[in-house]
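Report on one structure; see the data block that follows.
The values are calculated or read from the model by the stated rules, or taken from the named source; none is laboratory data. Keep in mind the model is a prediction, meaning the values are calculated, not measured. Backbone-built Cβ (ideal geometry, glycine too); neighbour counts: all protein chains shown.
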Amino acid sequence: MKKIQIYDTTLRDGTQGEGVSLSLNDKLMLAKRFDQFGIDYIEGGWPGSNPKDLAFFKEAKKLKFKRAKIAAFGSTRRAHSKVASDDNIKALLEAGTKTVTIFGKSWDFHVREVFKTSLKENLAMIHDSVDYLKSKKLEVIYDAEHFFDGFRENPDYAIQTIREAAKAGCNLVCLCDTNGGSLPHQIAVAVKRARKAIKAPLGIHVHNDGDLAVANSITAVEHGAIQVQGTVNGYGERCGNANLTSIIPVLQLKLKLRVLPEKHLKQLSELSHYVAEVCNMPVENNQPFTGQSAFAHKGGVHVNAMLKNRKTYEHINPSMVGNNTRFLVSELSGKSNVMLKAKEFNIDLDQNAPHARTILAKVRELEHQGYQFEAAEASFELLMKKELGKYKKFFAVKEAEVLTEKIGEGNPESRASVKLEVKGEEADAIEKGDGPVDALYKALAKALVRFYPVIQEIHLTDYKVRVVNPQDGTAAKVRVFIQFQDQTNNWSTVGVSENIIEASWQALVDAIEYKLLKS
Ligand SMILES: [Zn+2]
């Protein structure tokens, strides 16, 4: 079985994504985690462009990595300068890694327009830089920037640039679709040609501007690339980098290639959520393989078939990537959905047991009031456990208040106070927040944290409000969905009331009880 190397650039290219920003400590934590997961290369940063990245390499040296090699990223030397005195090259060496990745230009248009130098000098820049870094006994990966665009406009020159890198002794040539606009058949043609032209192994680094980054990466592997560069969850500039979270299971499960150490693929969903958590980004529900809805079934026909055999509507067994089958409960569904749900939560429920009927009746009654459980599974699980007597009360609310002042003055202030009874003791807290819901959540968390320190692990990631019955005018009810996240999971809860604060409070309390129940 052929081994495909995974080269992660979440810490460098991934942080170019809008909204992604990582502290030094975040980067070190992620690097450790990538190593445990079985990533072969971790690109830590670009020391020449960002002095902060040098600190990462300094700290990373103190850590022990089981399997991953840490790579520093940089560019070839500048035009008409000496490689040994080039600042960027010096910074690369200063990073002190055993592997360095440098990028150079393959597209003649860029050489002329951006470098404003001759095509010949560009070849010398590539050669000198690789040659010099090799003379320092480093493993050198050469990233051929804009290779595919260059290949389409001037194939001979694009090939010449990678020949130059190969001649200078680089360990791998990584072909880059930097602008992310190539199509799979274009990738195939160019990779084939590159393979014929040089002996050095090939890698692939693509961006997702045509929504084809995963397909393009897979195509490159099918045509001989042995390394895939990308990021977890596809974070990256513009539309992102190639999503390793999809590429890894495709290579391993569908193409039967060797990628991760045995059994590590089961950690994929957890890794995806962990990285999202550290990057402070949500995992999209419909993200393939690791998203919450990736194996969620709603339609009655599907559910019926799924009961007979899971393969009827699932392309892989979700447990292979650490995900789960989910059956969405909605008004459309009957008892069989509730039974499936119970199974999913490991609750033993007999089809004819009186509990099954009471749960179903309760769901219908609540749905009639405006609740919806398909996007609020945590509330549904709590409801089920309450009906079955499997629920334990963690705290009782004696009083909760929230006050918002200076509304309309641009910067209103919300202050909440809660009074709870926890484990026979009174617990009070007052907190300010960005709005009444935030204030209530903070006060609730503060009152509980000394009894349940796990509360510190969670935070609110999404909040949605819908009007349930707009035809009733001012008496309309609102439905609030709240999503929380910790390092391994996210879960959603629902509340319904004519009062938005009351609906939010119900969802908040459910969310916290759910976390406590799971801990
Ligand atoms: Zn890139």
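Among the residues of the stretch 295-326, the one identified as among the aliphatic types (A, V, I, L, M) and surrounded by fewer than 13 Cβ atoms within 10 Å (Cβ to Cβ) is 301. Looking across the stretch 92-117, not a single residue is over 32 Å from the mean Cα position of the chain (by Cα) and under 22 Å from residue 230 (Cβ atoms). Considering the conditions (1) of a type outside the set (Phe, Trp, Tyr); (2) touching a residue at least 60 places away in the same chain (Cβ under 8 Å); (3) part of a helix (DSSP H, G or I), residue 487 is excluded by exactly one of them, (3).
Can you name the number of the only condition in (1) more than 16 Å from the ligand (Cβ to nearest atom); (2) outside any loop (DSSP other than H, G, I, E, B); (3) in contact with a Pro (Cβ under 9 Å, 6 or more places away or on another chain) that residue 275 fails? Here residue 275 clears every test but (3). The condition of being of a type in the set (Gly, Ala, Ser), within 19 Å of residue 505 (Cβ to Cβ) and at pLDDT below 90 holds for only one of 396, 400, 416, 376, that being 376. Limited to the stretch 342-394, what total is found for residues that are assigned to a loop (DSSP other than H, G, I, E, B) and farther than 20 Å from residue 303 by Cα? Here the count works out to 10.
The set of residues in the stretch 4-26 being away from the ligand (no atom under 16 Å from the Cβ), modelled with pLDDT under 95 and not aliphatic (A, V, I, L, M) consists of 19, 21, 23, 25, 26.
For the stretch 50-62, a residue qualifies if it is at pLDDT 90 or above and more than 16 Å from the ligand (Cβ to nearest atom), and the qualifying residues are 54, 55, 56, 57, 58, 59, 60, 61, 62.
Tell me yes or no: at least one residue of the stretch 60-68 is assigned to a strand (DSSP E or B) and without any contact (Cβ under 8 Å) to a residue 60 or more places away in the chain. Taking every residue of the stretch 60-68 in turn, none turns out to be assigned to a strand (DSSP E or B) and without any contact (Cβ under 8 Å) to a residue 60 or more places away in the chain. One residue stands out in the stretch 223-239 among those that are touching a residue at least 40 places away in the same chain (Cβ under 8 Å) and over 21 Å from the mean Cα position of the chain (by Cα): the one that is nearest to the ligand (Cβ to nearest atom), namely 225. Total residues in the stretch 126-182 satisfying the condition of being among the small types (Gly, Ala, Ser), surrounded by 21 or more Cβ atoms within 10 Å (Cβ to Cβ) and either on the phi > 0 side of the Ramachandran plot or within 16 Å of the ligand (Cβ to nearest atom) (or both): the figure is 4.
Just checking, does the stretch 34-49 include any residue being modelled with pLDDT of 95 or more and β-branched (Val, Ile, Thr)? Yes: the stretch 34-49 contains one or more residues that are modelled with pLDDT of 95 or more and β-branched (Val, Ile, Thr). Select from the stretch 127-168 the residues that are out of contact with any strand residue (DSSP E or B) (no Cβ under 6 Å at 6 or more places or on another chain), without any contact (Cβ under 8 Å) to a residue 40 or more places away in the chain and of a type in the set (Lys, Arg) and list them in ascending order. Those that are out of contact with any strand residue (DSSP E or B) (no Cβ under 6 Å at 6 or more places or on another chain), without any contact (Cβ under 8 Å) to a residue 40 or more places away in the chain and of a type in the set (Lys, Arg): 137, 152, 163. Selection of the stretch 69-83 for residues being among the polar types (S, T, N, Q), in a loop (DSSP other than H, G, I, E, B) and buried (at least 16 other Cβ atoms within 10 Å of the Cβ) yields only 76.
Residue-level check: of (1) in contact with a helix residue (DSSP H, G or I) (Cβ under 6 Å, 6 or more places away or on another chain); (2) at pLDDT below 95, residue 127 misses just (2). In this structure, residue 136 does not qualify as charged (D, E, K, R) and closer than 23 Å to residue 190 by Cα.
Checking 242, 220, 213, 197 one by one, the residue that is small (Gly, Ala, Ser), at pLDDT 95 or above and more than 15 Å from the ligand (Cβ to nearest atom) is 197 and no other.
Of all residues in the stretch 89-113, those satisfying the criterion of being at pLDDT 95 or above, basic (Lys, Arg) and surrounded by fewer than 20 Cβ atoms within 10 Å (Cβ to Cβ) are 90, 98.
Filtering the stretch 91-120 to residues that are touching a Gly at 6+ places or on another chain (Cβ under 8 Å) and not in a strand (DSSP E or B) leaves 91, 92, 95, 97, 106, 107, 108, 109, 110. Of all the numbered requirements in (1) surrounded by fewer than 24 Cβ atoms within 10 Å (Cβ to Cβ); (2) away from the ligand (no atom under 15 Å from the Cβ); (3) hydrophobic (A, V, I, L, M, F, W, C), residue 39 misses one, and that requirement is (1). In the stretch 436-485, of all residues being farther than 18 Å from residue 505 by Cβ and of a type in the set (Phe, Trp, Tyr), the one that is surrounded by the most Cβ atoms within 10 Å (Cβ to Cβ) corresponds to 452.
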